[in-house]
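S.K.: Here it is, the structure in full.
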Amino acid sequence: MSGESTAKEGSKLWGGRFTGATDPIMEQFNASIGYDKRMWKADVQGSQAYVKALLRVDLVTAEEMAAIHEGLERVSGEWASGKFVLQPGDEDIHTANERRLKELIGAPAGKLHTGRSRNDQVATDMRIWLREGITKLRTFVIDLIKVFVGKAKEDIHILMPGYTHMQRAQPIRWSHWLLSYAWMLHRDIQRLDELAVRVNVLPLGSGALAGNPFNVDRDFLAKELSFPQVGSNSLDGTSGRDFVGTCRMI
């Protein structure tokens, strides 16, 4: 095995103990960029907030912070315009953004991960992305409820047979049947609101699993990223994904 392939494996955040090259088939199987590239905006937002927190504890200079922030703006612009070019080594959105940032600004990009683990970074990105998704989904559901209500008002005079046990039972209004679905969707709105509260807890600053070693201000991070509270347990913050399962069930 060549020294070049060994160095490549060692540069992976998850491959520090590997001494051989990963099979290309495994590289493709392990890559998540095809799925998580949709979180590019959340990843940039989290990184921009984090570098500000690093400045507050003197782990980057004001010039380095400005360079990183500006570089991330350029990365964001490339994604927004559809000009971001993925490379074969971009196994996930976090790797892709960091690789591109380093290409744009050089050495200062390497300081962005100081004290931050991929674990709390991923958990934070997922919450930011899902929080925005919940807001959009809530709007769509409300619009659909309005359609049901509008149609119910328009067709208030229409009658139809009501069924129970697969048999005709009583006459009902078509509007009554339509509004039964509006109420079901209303409960979905309630579930989304309850989920939003659980999603809106910041894990950033939890590190790999046992906290940030540089006393980064998590309350500051929460304010920067519009989270009303920070997670109380770093293990739960970095490992918890139950909110994703809950969202899929709504």
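S.K.: Do we have Ile189 as farther than 20 Å from Phe243 by Cα, surrounded by 12 or more Cβ atoms within 10 Å (Cβ to Cβ), modelled with pLDDT of 95 or more and touching a helix residue (DSSP H, G or I) at 6+ places or on another chain (Cβ under 7 Å) here?
M.R.: Here the answer is no, as Ile189 does not meet what is asked.
Residues are listed down the side, and each one gets a yes or a no for (1) surrounded by 21 or more Cβ atoms within 10 Å (Cβ to Cβ); (2) in contact with a Phe, Trp or Tyr (Cβ under 6 Å, 6 or more places away or on another chain); (3) at pLDDT below 95; (4) within 20 Å of Asn212 (Cβ to Cβ):
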{"site": "Lys52", "(1), (2), (3), (4)": "no, no, no, yes"}
{"site": "Glu63", "(1), (2), (3), (4)": "no, no, no, no"}
{"site": "Ala67", "(1), (2), (3), (4)": "yes, no, no, no"}
{"site": "Phe84", "(1), (2), (3), (4)": "no, no, no, no"}
{"site": "Arg118", "(1), (2), (3), (4)": "no, no, yes, yes"}
{"site": "Arg127", "(1), (2), (3), (4)": "yes, no, no, yes"}
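S.K.: Go through segment 72-83 residue by residue and tally those that are in a loop (DSSP other than H, G, I, E, B) and either in contact (Cβ under 8 Å) with a residue 12 or more places away in the chain or on the phi > 0 side of the Ramachandran plot (or both). Before you say what the answer is, go through the steps one by one.
M.R.: Keep residues of segment 72-83 that are in a loop (DSSP other than H, G, I, E, B), which gives 82-83.
Retained after the next criterion (residues that are either in contact (Cβ under 8 Å) with a residue 12 or more places away in the chain or on the phi > 0 side of the Ramachandran plot (or both)): 82.
So the count comes out to 1.
S.K.: Within segment 87-104, take every residue that is modelled with pLDDT of 95 or more and either open to solvent by 40 Å² or more (accessible area, probe 1.4 Å) or in contact with a Lys or Arg (Cβ under 6 Å, 6 or more places away or on another chain) (or both) and give me the one that is nearest to Val216 (Cα to Cα).
M.R.: Ranking the qualifying residues of segment 87-104, first place goes to Glu98.
S.K.: Considering only residues of segment 193-250 that are among the hydroxyl-bearing types (Ser, Thr, Tyr) and surrounded by fewer than 19 Cβ atoms within 10 Å (Cβ to Cβ), which is nearest to Met126 (Cα to Cα)?
M.R.: Ser239
S.K.: Looking at (1) open to solvent by less than 80 Å² (accessible area, probe 1.4 Å); (2) under 28 Å from Tyr50 (Cα atoms); (3) out of contact with any helix residue (DSSP H, G or I) (no Cβ under 7 Å at 6 or more places or on another chain); (4) at pLDDT below 95, can you tell me which one Ala169 breaks?
M.R.: (2)
S.K.: Right, something else. Are any residues in segment 53-71 aliphatic (A, V, I, L, M) and assigned to a helix (DSSP H, G or I), and if so, which ones?
M.R.: Kept after step one, since they are aliphatic (A, V, I, L, M), are these residues of segment 53-71: 53-55, 57, 59-60, 62, 65-68.
Hits for segment 53-71 are Ala53, Leu54, Leu55, Ala62, Met65, Ala66, Ala67, Ile68.
S.K.: Oh, and also: Those residues that are touching a Gly at 6+ places or on another chain (Cβ under 7 Å), part of a helix (DSSP H, G or I) and not acidic (Asp, Glu), I need them from segment 103-141; list them, please.
M.R.: Once the filter is applied, which keeps residues that are touching a Gly at 6+ places or on another chain (Cβ under 7 Å), part of a helix (DSSP H, G or I) and not acidic (Asp, Glu), segment 103-141 yields Leu104, Ile105, Ala109, Gln121, Ala123, Thr124, Ile128.
S.K.: Can you spot a residue in segment 189-211 that is in contact with a Lys or Arg (Cβ under 6 Å, 6 or more places away or on another chain) and assigned to a strand (DSSP E or B)?
M.R.: So far as segment 189-211 goes, no, none of its residues is in contact with a Lys or Arg (Cβ under 6 Å, 6 or more places away or on another chain) and assigned to a strand (DSSP E or B).
The values are calculated or read from the model by the stated rules, or taken from the named source; none is laboratory data. The model shown is predicted, which means the values in this text are computed figures rather than measured ones. Please note: Cβ atoms are built from the backbone with ideal geometry, for glycine as well, and neighbour counts cover all protein chains shown. The accessibility values were calculated without ligands, DNA or RNA, using every heavy atom of the protein model including side chains. Shrake-Rupley method; radii C 1.70, N 1.55, O 1.52, S 1.80 Å.
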